[in-house]
Amino acid sequence: MPGPKTRPGPTDQPASENSVRGKSVHDGLNRAIIAILQEDGRTPYSTIAATLGVSEGAVRKRVTRLQERGDLRIVAIIEPMALSYDAYTMLGITVAPEAQPEAVAERLALCPDVVYAIWTSGPYDLLVETLFEEKEEFTAFLADQIHGHPDIWSCDAMQSLKVIKNQYYLRRDMMGAGS
């Protein structure tokens, strides 16, 4: 006969609706760790642990779990205009009536110069951000992947003139440890 049930501790709570596989990104400690890593993805686990009052092992375990589940990636973010990319463009795409927006987005996402693709509501079905070193490469992309494809009804290309804000952070009110 199994022993008495004990109340789960902070690291072994059962999965909730927000996380079928364990601790979710919405967990307060996970949000606090992510907030620190968003400021500097190279912050040592020991520093994060000291800041949050937990063990270094707990931080390491949380980060590893988030990465394994695909909930967290630690990457370097560059400013495209600083690297002399000549064609930094957002495409507003309306898919053909018989096409599925997600399928078109997945097709375009296979292109290495597509850096962002989302299915949206509003005037466009998809927003697709592209980044090319030269305008000629962008022109070839339009010819090969956009124009003449039966799954695309229309496409508005919006060339970036100047980046005013480029923020990859979650909303600050979602990141507080006490939320």
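The values are calculated or read from the model by the stated rules, or taken from the named source; none is laboratory data. Note that the structure is a prediction, hence the values are computed from the model and not measured. As a convention, Cβ positions derive from the backbone with ideal geometry for all residues, glycine included, and neighbour counts pool all protein chains shown.
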The residue that is surrounded by the fewest Cβ atoms within 10 Å (Cβ to Cβ), considering only those in region 36-62 that are of a type in the set (S, T, Y) and under 21 Å from R73 (Cβ atoms), is T47
Determine, yes or no, whether T47 is assigned to a loop (DSSP other than H, G, I, E, B), in the same structural domain as A32 (by TED's automatic domain parsing) and either out of contact with any strand residue (DSSP E or B) (no Cβ under 9 Å at 6 or more places or on another chain) or closer than 29 Å to N30 by Cα (or both). no
Go through R31, R107 for me and flag whichever is in contact with a helix residue (DSSP H, G or I) (Cβ under 6 Å, 6 or more places away or on another chain), outside any loop (DSSP other than H, G, I, E, B) and in contact (Cβ under 8 Å) with a residue 12 or more places away in the chain. R31
Breaking point among (1) farther than 30 Å from S46 by Cβ; (2) modelled with pLDDT of 85 or more, for P80: (2)
Only listed residue being modelled with pLDDT under 90 and of a type in the set (D, E, K, R), chosen from E98, E102, E129, E133: E133
